[in-house]
1. One residue is enough: does the stretch A:75-97 have a residue meeting the conditions closer than 17 Å to residue B:42 by Cβ, of a type in the set (Gly, Ala, Ser) and in contact (Cβ under 8 Å) with a residue 60 or more places away in the chain?
2. Here are some residues: B:95, B:66, B:82, B:75. Which one is among the polar types (S, T, N, Q) and in a loop (DSSP other than H, G, I, E, B)?
3. Would you mind stating whether residue A:88 is away from chain B (no Cβ under 14 Å) and either buried (at least 18 other Cβ atoms within 10 Å of the Cβ) or not in a loop (DSSP other than H, G, I, E, B) (or both)?
4. Restricting attention to the stretch B:29-57, report how many residues are under 26 Å from residue B:16 (Cα atoms) and either basic (Lys, Arg) or facing chain A (nearest Cβ under 9 Å) (or both).
5. Is at least one residue of the stretch A:14-32 touching a residue at least 40 places away in the same chain (Cβ under 8 Å), of a type in the set (D, E, K, R), more than 14 Å from chain B (Cβ to nearest Cβ) and outside any strand (DSSP E or B)?
6. Give, as residue ranges, the strands (runs of 3 or more DSSP E) completely inside the stretch B:6-51 that count at least 1 residues that are over 22 Å from residue A:88 (Cα atoms).
7. Pairs please, first residue from the stretch B:83-95 and closer than 12 Å to residue B:113 by Cα, second anywhere and β-branched (Val, Ile, Thr) and modelled with pLDDT under 95, Cβ atoms under 7 Å, 6+ apart in sequence or on different chains.
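The values are calculated or read from the model by the stated rules, or taken from the named source; none is laboratory data. Computed from a predicted structure; not experimentally measured. Cβ atoms come from the backbone with ideal geometry, glycine included; neighbour counts cover every protein chain shown.
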Amino acid sequence: EDKVVQSPLSLVVHEGDTVTLNCSYEVTNFRSLLWYKQEKKAPTFLFMLTSSGIEKKSGRLSSILDKKELFSILNITATQTGDSAIYLCAVRAGGTSYGKLTFGQGTILTVHP
Amino acid sequence: DAGVIQSPRHEVTEMGQEVTLRCKPISGHDYLFWYRQTMMRGLELLIYFNNNVPIDDSGMPEDRFSAKMPNASFSTLKIQPSEPRDSAVYFCASSHLDSQETQYFGPGTRLLVL
C-alpha cells in the first residue's frame, strides 16, 4: 500500500523565521511528488517534482526531491502570517494506479506576527 | 474558466438520509477525482474517473458510497444511507491528460450527518 508521511504534524513560528517541512514516501512505481497549500478552503497546487536534486522555487518557497532516500522537503524563508496553512504532500504512482494521488496527513503551519 | 464547481457547499442531514454531492469539472479536463477530508484521516482519495469511466474506486469506504459520471461535465457522489461518521469535507478535483499531476480542486462540500 502506498504511504506518504509528513513531519512535523504542526509547527508554530514567528514572522521572519525559516521553516522546513518534510515528506517521506513509499510507493510503487513513483512518478511524481506534489506539494499543496490548503488555507480555509481547497488545496492549491505549489510544486511538482519528478527528478532528484533539482530545486523548484517560487518566491520564498522552494522544494527539492531525493528519490534515493524517498523524501522531499519544502522550505519557506522569511515566513509571513499569510503562510499559515496546512501544507500537503502527495505522491503520484504509475502503473495501474495511473493518475492516483496519495496524500500525507499534512503539516499545520502557524505563523505569528 | 470558473474552475471546479461543487454543490451544495454545505449539507446538514440526519442519519439514514440519502446525500448527493455534485461536481462540475473544468471544461476539457479528462480526469475527475473525489476526495474526503477529515481531521483524523486527512485527505483521502475515494474514486477517480478518466474520460467518464471509473478507474480506481478502492478508496470508497463501503457499499453505501457510490459515484457516477454520466458525461464529461458532471459527476455525483452519493451516500445512502448516511451515517454520522460520514461527516467530512468532500472535494472534487479535475486534471487534464497533459498535466495529470496538477489537480484543480473545487471548494468542497462540508457534510454534517446528525
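1. yes
2. Criteria check complete, one pass: B:82.
3. When the stated conditions are applied, residue A:88 does not pass them.
4. Residues flagged as under 26 Å from residue B:16 (Cα atoms) and either basic (Lys, Arg) or facing chain A (nearest Cβ under 9 Å) (or both) within the stretch B:29-57 amount to 10.
5. yes
6. Because the criterion is at least 1 residues that are over 22 Å from residue A:88 (Cα atoms), the strands (runs of 3 or more DSSP E) in the stretch B:6-51 that meet it are B:10-13, B:19-24, B:42-50.
7. B:88/B:38
Let's see how each residue does on (1) surrounded by fewer than 20 Cβ atoms within 10 Å (Cβ to Cβ); (2) among the small types (Gly, Ala, Ser); (3) more than 15 Å from the chain's Cα centre (by Cα); (4) at pLDDT below 90:
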site	(1), (2), (3), (4)
A:35	no, no, no, no
A:38	yes, no, no, no
A:41	yes, no, yes, yes
A:58	yes, yes, no, no
A:63	no, yes, no, no
A:69	yes, no, yes, no
A:98	yes, no, yes, yes
A:106	no, yes, no, no
